[in-house]
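Inspection log for the structure reproduced underneath, given as structure tokens.
Each reported figure results from applying straightforward, stated rules to the coordinates on display, with no laboratory input. Just so it is clear, the structure is predicted and the values come from calculations on it, not from any experiment. Here Cβ is always computed from backbone atoms with ideal geometry, including for glycine, and neighbour counts include all displayed protein chains.
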Amino acid sequence: MSETFLIADEDAMQAMGRRLASMLRVGDVIAIEGSLGAGKTTLARGMLEGLGHEGEVPSPSFAIVQPYDAPMVSLPVAHVDLYRIDDPADVTELALDEYLMDGALFIEWPERLGDRIWPQALRLQIFVEEGGVRRLTVTTPDAWKGRWLP
Ligand SMILES: Nc1ncnc2c1ncn2[C@@H]1O[C@H](COP(=O)(O)OP(=O)(O)O)[C@@H](O)[C@H]1O
Ligand SMILES: [Mg+2]
């Protein structure tokens, strides 16, 4: 199932992130697609805020993996940016699965995973419309049935 939202500005994108945060569980993978500057990190920032994080949320584009741990967040998260990963095989050494044992993954540029993408990932696609409004399409896997808006 998928659903589309129009997001007017940065604040609305963060609010959507906070709303998503309230639905998160251990083991969730959130795949955030969109071009450079579309708002992927902004959405991740909103989700981390929703989990109680109060400090900065830097873009993980250089670190690649930025972990957030309890007690600063109610659910541990690894915020990941795969933009600089050219070969899906290179993702193996990031050991991302380990974060799913007690937390969640937020992944920017999940396209880099090719067919290694987790089939139960929640898929968030951000498109930039004329004038800068963002269109967000949320596609829910089975793992999210009954959790996302019915
Ligand atoms: N509707 C919107 N939603 C999210 N970001 C927006 C929106 N409109 C403008 N922006 C701006 O677009 C930029 C998005 O940056 P960022 O979240 O880092 O993008 P990405 O991680 O996709 O490269 C920010 O500067 C933000 O202020
Ligand atoms: Mg980003």
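Just a few scattered comments:
- Taken over the stretch 1-47, the criterion of being among the aliphatic types (A, V, I, L, M), over 14 Å from the mean Cα position of the chain (by Cα) and within 7 Å of ligand 1 (Cβ to nearest atom) is satisfied by Ile7, Ala8, Ala12, Leu36.
- Options Leu82, Leu136; residue that is surrounded by 13 or more Cβ atoms within 10 Å (Cβ to Cβ) and more than 21 Å from Phe5 (Cβ to Cβ): Leu82
- Residue within the stretch 19-30 that is assigned to a helix (DSSP H, G or I), within 15 Å of Gln125 (Cβ to Cβ) and not charged (D, E, K, R) present: yes
- Some residue of the stretch 11-19 being more than 12 Å from ligand 2 (Cβ to nearest atom) and under 25 Å from Glu98 (Cβ atoms): yes
- Filtering the stretch 114-133 to residues that are closer than 12 Å to Glu33 by Cα and more than 14 Å from the chain's Cα centre (by Cα) leaves Phe127, Val128.
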